[in-house]
Amino acid sequence: MRLLLAEDDEMLGAGLKRTLQRVGYTVDWAMDGEEAIAAAKAQDYALILLDLGLPRVDGMEALHAIRAQKDLTPIIILTARDRPEQKVGGLDGGADDYVVKPFDLEELLARIRAQIRHRERRASDVLATHGVQIDLAARTATLHDQPVALTAKEFKVLAVLMRRMGQFVSKDELEAALYDAAAEVESNTIEVAIYGLRRKLGAELIVTARGLGYMAPRQP
């Protein structure tokens, strides 16, 4: 698992890198903000440790630049800046956690593990194909990163299709996802939902085959 450490203090950076490597992480070490931004753009990291007092580009600027790239990698700020407004600014600016120096190494390692676990859980909640992305936990949908408003039934149908991406799902199975056993099923509910999804998200998102049902194809 690869981490990015952005820290200009040579002694602290070297010690952190050794500690992180000892517990099993691969660590890339950037010593200024420009290098950190370039590394985050070039490599997919499990987590970024970001000092705010970086040369060339300040850590807050680096944070904003990384988030502007739509990079959702967990970022933990490591800094001596301990005023409440500085912490609020860092968290509101896109950081996932804020740790003030000096810090306890075991606590930092626990925070790293927690952020990586959270990312892994979030990744399992997000499904994407053909420019469409849905977040099952947040119940949101986007098309080419732009939010799309779906009805509750449209979202449920889309969620079933994208969970079983590349497989045909019968109309009966989709109806079972929308209604409990005691509810009266409206005959055209699925057709209406499919029509709405194609209109909002694109006709290529859902394939229909007579006798088989509907399918969200995988991205080619």
Worksheet item: Is there any pair linking a residue in region 197-220 that is on the phi < 0 side of the Ramachandran plot and assigned to a loop (DSSP other than H, G, I, E, B) to one that is of a type in the set (A, V, I, L, M) and surrounded by fewer than 18 Cβ atoms within 10 Å (Cβ to Cβ), with Cβ under 6 Å and at least six apart or on different chains, and which?
Response: Ala216/Met165; Pro217/Val207; Arg218/Met165
Discussion item. Gly131 - would you say it is of a type in the set (Gly, Ala, Ser), within 19 Å of the chain's Cα centre (by Cα) and over 17 Å from Leu54 (Cα atoms)?
Written reply: yes
Item to complete: Name the residue, out of Leu127, Leu174, Leu197, that is in contact with a helix residue (DSSP H, G or I) (Cβ under 6 Å, 6 or more places away or on another chain) and closer than 21 Å to Asp44 by Cα.
Response: Leu127
Practice prompt. Would you confirm whether any residue within region 64-78 is in contact with a helix residue (DSSP H, G or I) (Cβ under 8 Å, 6 or more places away or on another chain) and at positive phi?
Written response: no
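Give region 1-24 a look and list any residue that's closer than 23 Å to Glu120 by Cβ and either buried (at least 19 other Cβ atoms within 10 Å of the Cβ) or small (Gly, Ala, Ser) (or both), or say none.
The first filter runs over region 1-24 and keeps only residues closer than 23 Å to Glu120 by Cβ, leaving 1-6, 16, 19-24.
Passing the criteria: Leu3, Leu4, Leu5, Ala6, Leu16, Leu20, Gly24.
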Discussion item. Is it the case, given these coordinates, that Thr208 is surrounded by 14 or more Cβ atoms within 10 Å (Cβ to Cβ), not assigned by TED's automatic domain parsing to the domain that holds Lys70 and not aliphatic (A, V, I, L, M)?
Written reply: no
Item to complete: Report yes if Ala80 is surrounded by 14 or more Cβ atoms within 10 Å (Cβ to Cβ) and small (Gly, Ala, Ser), otherwise no.
Response: no
Worksheet item: Looking at region 21-28, is at least one residue of a type in the set (A, V, I, L, M), in the same structural domain as Leu78 (by TED's automatic domain parsing), in contact with a Gly (Cβ under 8 Å, 6 or more places away or on another chain) and closer than 23 Å to Ala65 by Cβ?
Response: no
Worksheet item: Looking at this structure, is Leu143 under 26 Å from Arg210 (Cβ atoms), surrounded by 14 or more Cβ atoms within 10 Å (Cβ to Cβ) and of a type in the set (A, V, I, L, M, F, W, C)?
Response: no
Fill in: Hey, Asp125 acidic (Asp, Glu), over 30 Å from Pro217 (Cα atoms) and loosely packed, with under 13 Cβ neighbours inside 10 Å or not
no
Item to complete: Kindly indicate which of Val99, Val148 is within 24 Å of Ala216 (Cα to Cα) and touching a Leu at 6+ places or on another chain (Cβ under 8 Å).
Response: Val148
Worksheet item: If you scan region 36-59, which residues turn out to be surrounded by fewer than 22 Cβ atoms within 10 Å (Cβ to Cβ) and either aliphatic (A, V, I, L, M) or not assigned by TED's automatic domain parsing to the domain that holds Pro74 (or both)?
Response: Ala38, Ala39, Ala42, Ala46, Val57
Practice prompt. Note down all Cβ pairs under 7 Å where the first residue falls in region 91-109 and is more than 19 Å from Met60 (Cβ to Cβ), the second is of a type outside the set (Gly, Ala, Ser) and in a helix (DSSP H, G or I), and they're at least six residues apart or on different chains.
Written response: Leu105/Thr19
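The values are calculated or read from the model by the stated rules, or taken from the named source; none is laboratory data. Here the structure is a predicted model, which is why all the values come from computation and not from measurement. Neighbour counts run over all protein chains shown; Cβ positions are idealised from the backbone, glycine included.
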